[in-house]
Structures are given as C-alpha cells and as structure tokens.
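K.L.:
Please read through the structure below; I'll follow up with questions.
The values are calculated or read from the model by the stated rules, or taken from the named source; none is laboratory data. All values reported here derive from a predicted model rather than from experimental measurement. Note: ideal-geometry Cβ built from the backbone for every residue, glycine included; neighbour counts use all protein chains shown. Heavy atoms of the whole protein, side chains included, go into the accessibility calculation; ligands, DNA and RNA do not. Shrake-Rupley method; radii C 1.70, N 1.55, O 1.52, S 1.80 Å.
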Amino acid sequence: MKSFAIGSSTIGDNQPTYVIAEIGINHNGDLDRARRLVEAAAHCRADAVKFQKRRLQSLYPREVIEETHRFEQHFQYMIPILKQVELSEDAYRELKQQAEDLGLDFLCTPFDEPSFRFLETLGVPAYKIASADLTNIPHLETVASAGKPMIVSTGMSYWDEIETAVEVLRRAGVPFAFLHCRSVYPVWAREVNLKMMLKLKQFGCPVGYSSHDVGITVSLVAASMGASIIEKHLTLDKTLAGPDHKVSLEPFEFRRLVRDIRVADQALGKSKRFLLQGEILNREVFAKSIVASQTIPRGAVIQREMLDIRGPGKGLAPCRLPEVVGAAARRDFQAGEMFTEEDVSGPTQGDFTNAFRSLWGLIARFGDADTMASFNPKVLEFHLAEQDLEIGFTPNQVYGQGLVVHAPEYLGERLLDLCTSDEDLRGLSVEQVRKSTRLAVRLSKWFQGKPKVIVHPGAMSINEKLPRDPLRRNLCRSWEQIQTDEVELLMENLPPYPWYFGGQWKGNYFMDTKEILEFCERTGAGFCFDLSHAALYCNAKDRDLTKFTAELKPHIRHIHFADGYGLDGEGVQIGEGEIDFDAVMPLFEDYRGSWVPEVWRGHLNQARGFLEALKRLSKYDL
C-alpha cells in the first residue's frame, strides 16, 4: 500500500486517520462565516479544511446561468445557490493563510481549469476531485499535471470508470487516494456499503470515506475498518439554507468525531502481534510450562511419561512438547524442574566482550549479578524494587564493571514522584532516592568508578492532565534535596502512557525535548535516555524520533535501548517494534558512554532476551 504526504501528515496504512473538515459551500458565500468555520475545524482538531472553487462560466452555458428558470427543478435549485456562494479570490487567499496559521492543511476542489490554475497560484498541497469529475478524464489529467497528491471521490461511478481513472492517475505518476462515497444527501446507513473500501484497496492506494450520512456512526465504522481518510461536512448551524448543512456536523459533534476516530486509530493497532506487559505477567501466572515429572539424567531420551504440564508459565510452553519428547536431555533434571528455551535450542551464543566501543552493560538483580557479570559487560545496572533497599545485599566478589543503580518506581501502593505538589508524597520520594543513593555508594566499593543512579521524575496521573509549571518547580526543589557529589544522579525521560499497577497512566512531564533540555541546562546535569520511551512519546505527538534524539544527545549520559510500538508498547525486543534503528543508531557512532538493553523480561532464561538484543545491536557502530 503506497503512502504519501500532505503537509506534515502521512496518508496510508498504519498512519493516523487524516480527518478533513469539508467546509465546501457551507459558508453560504459569507466570508466571516467561512473564517469561523476554519476556526471551528482547528478547535475540533481536524487535519485539514476543504473548500470548493468553481467558475460557473467555464462549467455551464450562458442560458443555464442566466435563464435558469427555463430548466428543470434541480437546476432551478442549485444554480442560484452556486452563484450566491462563490467567494472572491482574495477570500481564498485569506482563508488559506488562516488555515495554515492554525496548523491546518488547506485543500480545495477545482471544478474547472480556471479554478485549478488559480489554486496553483495559491500553492495548495493537494487536490480533491469531486465524484462528478471521476469520469472527466481531461480534468483528471489537467489536475494531475501539477504533480501533487489527489484525493478522488468515487460516488456516482461504475467500477469500470474507477478502473479507467486509476489508469489515468498511474500514467500521470501522481500519488492518489480513493474515497468511497455515496453521492446523495443524505444517504441512509443501509445504503452506504462500506465494504467497497476494501475492494478499492486492490489498487494499492490509500482508501477512505467521504461521508454524506447523518451523524458520526458510519464515519467511525469506516475509521475502524482502516480508512486512511475521513471527510465530513462541518457547519455552524444545520438549519441554515443550503444543500449540505443537513448532512453536516456542528462543531461539538465534529470534535467528538475526531476524538473517537483517534480512539479507533489506537484500537485498530497494527497487524504485527505483540504481547502487552500485563499479558506477559498474566501468562506467567496462569499459563503452563513443561516440567519433569521425575528425575531425568543428562543424555537420557525423554519420553512423554517423564513430563508433566504445570504452572507457572515461565518455562517452555506445552505446545513445544514435540521438540522435547524423543530428544536427549541436555542436562540433569530434578522432578518438578521446568524446561526452558535453552533445553531445546541450547544456550545463546555470542561473545560481546569486544563487540562495542562504548560501555555496554546488562541489567541485573541482586540474585543474578554473578550470572550477568559472567558475560563480561562493562556495566551492571541494578533495577531495584522497594524491598531491595532493606535487604542489605553484600556482593561476594569484586566486579570489574561500572555500577548503575535504578531507583525503585514504587512507594508501597503509590508511585515515586519528585514532581508532585503533595508534600508528604514528595518528601517520601526524596527519601527513597536518598536511600538508593546511599545503597549505590555502599556498593561502589565492589565496582569500578563513580556510580550512576537513575531516577524516574514521576508526574503521572490517571484521569487528569497536570499543569506543567508546578511539576517543573517541584522537580527542581526535589533535585536540590537529592543532589550529591558521591554519585552521578540522572533523571530518565518518561513515556506518555506508562504501565503501572496493571493500568494505564498518563505522563505529564519530562517527556518533551523542551522540558528535558530546560532541566539539564538549569541543573548542569545529564540524563538517562530511554529510546523506547522517546519513541512512544514521538508517536503520541507525531514527532520525528531521529530529530528528537539528536536534540537531546548532547545531554545523554546513560541509555536504555529497547524497541517500542504505538503509544504504550515499551521494552520490545530490538527489531520487533516500530523504531527505525537504521535511522536512529548512526547518531550514537561517537557515543562512548554507558548503556544497557532494556528488553522487558530479558533477564529470564540466562539473560536470553538481553543477549539477543546485544546481538541485534552489534551490527551498529556503537
């Protein structure tokens, strides 16, 4: 499926639905009303506004325009309206500038060649072709000569006529999209036939829906079916005179439509299969694993009766039984012991000692520090749970690695929050960071160099959006209380919708480049850059991840590398999410600081997930 750009938006599969507020002639020839409609479209968060431009003298014989009473009723109705609603060329110039100032793309339908030539002088980014002109091959060729994207409605057209239009557009070499449309006003839901969108997709172009139905339901269904574009009429008052007002939405309805389309975009997701973090945890609790039902000596041929299926789901899934039964045991098994991936595939291979010039590391817990150290990383990063601050861990060896300590994110049933205006919670959060710092200082005698301590700033909420200025002020106050020369303290950039306590929260601060740069420049500190978090934030704000990363790079002192998808799919294995690593990783060719792969649950099965991440990252000059 080919995609193309209009302004800053990409139109195509796996992209946000492009919502066009069709103003058309709903201004009724009143420039002030047209201005208010553009303002309403921006308030409703549409992506574009669309007008119509026609020169009646180029479209109809003189007698149709001047002696309309001699013709049929529908001419007597429409021609006077079209004469009344045509705006001046200066009005179009003003409206285009207004739309762009408000962040909207300005689109327009040219109904004749003089109108097209005028719109070319305006520099519109794309053209909309009305259903009535799909069969007007000379007009299609004229508009296509501009080389700009064309959005073509297919109402009142037969299938062979659509195929002919495709040939014309392909021959012209312009990007195009088709909108399924029913050219009656209004069209009943039973007559819409949205499945035609699926048939239009066979042409390999983006497909959408131009709505002439009443309400928002059909447009939402179209969005949920994967429409790349939704075009819907916008009016200030449905009771106004004119042919389109009755099938239009008033601003409060249009805003709801856009809101619900964005929900549909998120629900539609991607065709690639991911497990949510909650699913992974529930899988471990409720799923089953292959376990030994008796002692099995190394080398013995495993029979089905030697095996049992039991929880938890941390081992090899029961669907892998054919790989186990009949194979020779790779090690000794005790009764009740789980089979893991290593027991069928062998240990993950790869010596990464000299694979990277930078200070690569692995994430560890107190219980597996020796295992992680055995892979010879240059850094060990301990991710602390709240209870870890109290257990008094003492290493049993001197490690050759640098030390990073990631402070706990939880405070009992609350989240650590250095940005909160709740002074009790902020005080407890400050003390927890101090405890983490004291632990890092105590452990540092078994490690090399000055330890780093990574901290989440907080600023999370469930239902409300928190104001930015108090969050910034409170974080700066907290920083003054936790700052110490004994460790390098680093805040970590946060995702827009983090996963805590089994539910989705909202991030409010320390996500955007402006917020992070402002903090770093004010305090003189660097920060911990989480690539997965950054990708999710860029997805939420339609930002370019590579540019985002480049802006922050001078202040990066430690990195968490992981893939991500959508708005909250963090910690995905490298190459299995949506991040374009080939575009991002060249930014770190001169980076010589510390980093770890932070693949979720990557520590399981002898760090299999972490080692696979290192293998995939080793292709880059890091």
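K.L.:
Would you pick out the residues in the range 125-145 that are closer than 21 Å to Thr10 by Cβ and out of contact with any Asp or Glu (no Cβ under 6 Å at 6 or more places or on another chain)?
P.N.:
Correct list: Ala126, Tyr127, Lys128, Ile129, Ala144.
K.L.:
Still on this structure, I have one more. Checking Ser248 against (1) within 24 Å of His139 (Cα to Cα); (2) open to solvent by less than 10 Å² (accessible area, probe 1.4 Å), only one condition comes out false. Which one?
P.N.:
Status for Ser248: all satisfied but (1).
K.L.:
Please go through the range 9-43 and give me each residue that is closer than 20 Å to Ile129 by Cβ, in contact with a helix residue (DSSP H, G or I) (Cβ under 8 Å, 6 or more places away or on another chain) and modelled with pLDDT under 90, ordered by number.
P.N.:
Answer for the range 9-43, where residues must be closer than 20 Å to Ile129 by Cβ, in contact with a helix residue (DSSP H, G or I) (Cβ under 8 Å, 6 or more places away or on another chain) and modelled with pLDDT under 90: Ile25, Asn26.
K.L.:
I'd like the full set of residues that are within 20 Å of Ala46 (Cβ to Cβ) and either among the β-branched types (Val, Ile, Thr) or in contact with a strand residue (DSSP E or B) (Cβ under 6 Å, 6 or more places away or on another chain) (or both), limited to the range 107-128.
P.N.:
Leu107, Cys108, Thr109, Leu119, Val124, Pro125, Ala126, Tyr127, Lys128
Residue by residue, here is whether (1) surrounded by fewer than 19 Cβ atoms within 10 Å (Cβ to Cβ); (2) touching a residue at least 60 places away in the same chain (Cβ under 8 Å) holds:
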position	(1), (2)
Ser183	yes, no
Asn193	yes, no
Phe203	no, no
Thr235	no, yes
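K.L.:
Would you check if Arg365 is out of contact with any Ser or Thr (no Cβ under 6 Å at 6 or more places or on another chain), open to solvent by 10 Å² or more (accessible area, probe 1.4 Å), modelled with pLDDT of 90 or more and under 30 Å from Arg330 (Cβ atoms)?
P.N.:
yes
Residue by residue, here is whether (1) in contact with a Cys (Cβ under 8 Å, 6 or more places away or on another chain); (2) more than 22 Å from Asn26 (Cα to Cα); (3) not aliphatic (A, V, I, L, M) holds:
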site	(1), (2), (3)
Glu191	no, yes, yes
Met196	no, yes, no
Thr235	no, no, yes
Pro251	yes, no, yes
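K.L.:
I would also like to ask the following. Within the range 2-49, restricting attention to residues that are within 22 Å of the chain's Cα centre (by Cα) and at positive phi, which residue is most open to solvent (accessible area, probe 1.4 Å)?
P.N.:
Arg45
K.L.:
Got a number for residues in the range 155-181 being charged (D, E, K, R) and either open to solvent by less than 70 Å² (accessible area, probe 1.4 Å) or in a loop (DSSP other than H, G, I, E, B) (or both)?
P.N.:
Residues flagged as charged (D, E, K, R) and either open to solvent by less than 70 Å² (accessible area, probe 1.4 Å) or in a loop (DSSP other than H, G, I, E, B) (or both) within the range 155-181 amount to 1.
K.L.:
Testing Glu570 on (1) open to solvent by 60 Å² or more (accessible area, probe 1.4 Å); (2) of a type outside the set (A, V, I, L, M, F, W, C); (3) part of a strand (DSSP E or B), one condition comes back false. Which one is that?
P.N.:
Condition (1) is where Glu570 drops out.
K.L.:
Can you tell me which of Thr546, Thr437, Thr484, Thr513 is in contact with a Phe, Trp or Tyr (Cβ under 7 Å, 6 or more places away or on another chain) and of a type in the set (S, T, N, Q)?
P.N.:
Thr513
K.L.:
With the requirement that a residue be more than 17 Å from Arg601 (Cα to Cα), open to solvent by 90 Å² or more (accessible area, probe 1.4 Å) and not in a strand (DSSP E or B), what does the range 289-337 give you?
P.N.:
Within the range 289-337, Arg298, Arg304, Glu305, Cys319, Pro322, Glu323, Arg330, Asp332, Gln334 qualify.
K.L.:
Mind checking whether some residue in the range 534-556 is of a type in the set (D, E, K, R) and open to solvent by less than 30 Å² (accessible area, probe 1.4 Å)?
P.N.:
Within the range 534-556 (the criterion being of a type in the set (D, E, K, R) and open to solvent by less than 30 Å² (accessible area, probe 1.4 Å)), the answer is no, since none of the residues qualifies.
K.L.:
Can you pull out every residue in the range 582-617 that is surrounded by fewer than 19 Cβ atoms within 10 Å (Cβ to Cβ), among the aliphatic types (A, V, I, L, M) and part of a loop (DSSP other than H, G, I, E, B)?
P.N.:
Those that are surrounded by fewer than 19 Cβ atoms within 10 Å (Cβ to Cβ), among the aliphatic types (A, V, I, L, M) and part of a loop (DSSP other than H, G, I, E, B): none in the range 582-617.
K.L.:
Of all residues being in contact with a Gly (Cβ under 8 Å, 6 or more places away or on another chain) and assigned to a helix (DSSP H, G or I) in the range 538-567, which is modelled with the lowest pLDDT? Just the residue, please.
P.N.:
Asn539
K.L.:
Continuing with the same structure: Can you name every residue in the range 526-551 that is aliphatic (A, V, I, L, M) and either without any contact (Cβ under 8 Å) to a residue 40 or more places away in the chain or closer than 17 Å to Glu598 by Cβ (or both)?
P.N.:
Leu531, Ala534, Ala535, Leu536, Leu545, Ala550
K.L.:
Return only the number of the condition from (1) under 30 Å from Gly564 (Cβ atoms); (2) at pLDDT below 90; (3) touching a helix residue (DSSP H, G or I) at 6+ places or on another chain (Cβ under 7 Å); (4) surrounded by fewer than 19 Cβ atoms within 10 Å (Cβ to Cβ) that Ala264 does not satisfy.
P.N.:
(4)
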